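Below: the structure, in structure tokens.
FYI, it's all coordinate maths here, none of it is from the lab. All values reported here derive from a predicted model rather than from experimental measurement. Glycine also receives a Cβ, built like all others from the backbone with ideal geometry; neighbour counts cover every protein chain displayed.
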Amino acid sequence: MKKEKQQGITVKKEENFSEWYTQVIQKADLIDYSKVSGALIFKPGSYVIWETLKDHFDKKIKKDGVQNVYFPSLIPEKLLKKEAEHVEGFAPEVAWVTHAGKTKLPERLAIRPTSETIIYDSYSKWIRSWKDLPLRYNQWVNIIRWEFKNPIPFLRTREFLWQEGHTVFANRKEAEKEALKILGFYADVFEELYAVPVLKGIKSVKEKFAGADYSLSVETLLPNGKAIQGATSHHLGQNFSKAFDIKFLDENENTCYGWQNSWGISTRSIGIMLALHGDDKGLVLPPKIATNKVVVVPILFKKDYEKVLKAAKDVSKKLKKFNVIFDDREDYSAGWKFNEWELKGIPVRLEIGPRDVAKKQVVLVRRDDGSKKIVKISDVSSEVSKLLVKIQESMFSKAKKFLDSSMVNVKDISGLKKAVGSGKIGKVNWCGVSSCEENIKDKTSAKSLNSDLKLKGLGKCFACAADAKFVTYFGKSY
């Protein structure tokens, strides 16, 4: 045997979440750090997760009529300044290009913090008639945002990958319908693909996207008691269309401004999924997001070596559709291999040794709960299919139970302070006023996450004497 190095996780998730998270993403070979703080190197293990999400979401939006485009990453300063609220909201985050070699540029160029301004400058030239609408474009790009001091891999980085949809409609009703539909698409990504339950809702005025009429979001809670925003769908109203002169002639030859949306999900979603499902052994990948769904580990001894190896290869061929990993390395023990694949989160491990070959069976081991099941080799493909479905459902059910049990109905400030202090989310009747929200944050360190889209506030605001308008979720957040 080669000398086997200790590579497992050395801290418990519940005891030191930050250190656990840092160890998991490095030891599972997902990332490396670059020489620029907050700019990650996505290694194959994490980038393939992004590719899977991209394929899933790309098919969904294309089926809905969205087309992909690409716009430059450099944005002239004059464009960024066209919408006042927007530029004010992003000013602290913008990285600027000021020189080409030693020559100072006549105008600063922003490195894309988001693309509304450069895209809408083009939309103003492309849209002339109601027949040009709806215009629904999306791009898959990288983003640079620089304002914060403590980057956290995936969850909060200075450079990240995302998609951003930018759409224009002839009327408000159509635009708002799309904004809500896209929010449902994002909920589907998290719940169906990542097995991560989310809270769908509308952001507060204070927390909405700079320049939007309102913002919709999906939010969830991580095991360290911090909530996190997963994706957003913004209804921009006519704010940008008026700033960028995006006008069209309607069917009656009247000049109208377009109604717009923008929406996005990023590589932050990977970190959310990893942080929620992982355990003290490492990653736990939901089968639908895992590229390699099964690893076959033959348990080899000198006696019956060839027989076991052949049987393991034959089983692997039966499981080809699951993109199986066949681990026949001779310089590592079976136990070491088990630990490695548990660390990397492969949903199902298949073990086969001399006794299994004799009995024409294999052992299936679930990564999510460690349970084992003996199945006949003749039934292995169908049994793995059923097991993967069970794992996906079980992981979502476990996460949903955690989220539901972490929600506390709160009636006053002290109740919210107690709830967020114990790592939970407070569900409150709230007035929605920004000054009230600032007061809440000062007293509890909690921010509004979003407000329920279906429920309306009852009685008085939990934090002040005003009438409640919303049922809102508050918590500590990233």
Where the Cα pairs of the chain fall when distances are cut into 20 Å bins, in %: 21, 48, 25, 5, 0
Label-point separation in nm, Asp32 to Lys54, each point 7 Å along Cα→Cβ: 2.0 nm
A 19 angstrom limit on the alpha carbon distance is what I want to check against. Which of Lys411/Lys476; Lys427/Lys460; Lys181/Lys203; Lys200/Lys427; Lys200/Lys447 exceed it? none
Take the Cα atoms of region 17-277, build their convex hull, and give its volume per residue in Å³. 134 Å³
For region 213-302, max minus min Cα coordinate along each principal axis, in Å, sorted largest first? 85, 32, 17
Let me know the volume per residue of the alpha-carbon convex hull for region 1-133, in Å³. 232 Å³
Given 10 Å bins starting at zero, what is the percent of C-alpha pairs of region 294-388 in each, up to the one with the largest pair distance? 17, 55, 27, 1
When Lys and Arg each count +1 and Asp and Glu each count -1, what net charge do the other residues less than 11 Å away from Ala243, Cβ to Cβ, add up to? -2
Once amide hydrogens are built 1.01 Å from N within the peptide plane, the residues lying 5 or more places from Asp280 or on another chain with amide H under 5 Å from its amide H are Lys13
Between Asn254 and Tyr47, the FRET efficiency computed from the C-beta separation at R0 = 51 Å comes out, to the nearest 0.05, as 0.55
Contact order relative to length of the chain, as percent, for alpha carbon pairs under 8 angstrom and 6 or more apart: 14 percent
Rounded to 10°, Cα long-axis angle of helix 305-318 versus longest principal axis of the chain: 30 degrees
Might you report the magnitude of the Cβ-based charge dipole of region 407-475 about its Cα centre, with Lys and Arg at +1 and Asp and Glu at -1, to the nearest 20 debye? 220 debye
How many nm is it between the label spots at Leu458 and Tyr305, if each spot is 7 Å from the Cα in line with the beta carbon? 7.3 nm
Straight-line reach from Lys81: which lysines have Cα under 17 Å away, leaving out those fewer than 8 places along the same chain? Lys242
Value at 222 nm in deg cm²/dmol, rounded to 500, when DSSP H runs of n ≥ 4 in the chain each add -39,500 (n - 2.57): -10500 deg cm²/dmol
Can you work out the FRET efficiency for the pair Lys386 and Leu105, with r the C-beta to C-beta distance and R0 = 60 Å, to the nearest 0.05? 0.50
For region 407-478, the Rg and Dmax computed from alpha carbons only, in angstrom: 10.6, 30
Rounded to 10°, Cα long-axis angle of helix 380-405 versus longest principal axis of the chain: 50 degrees
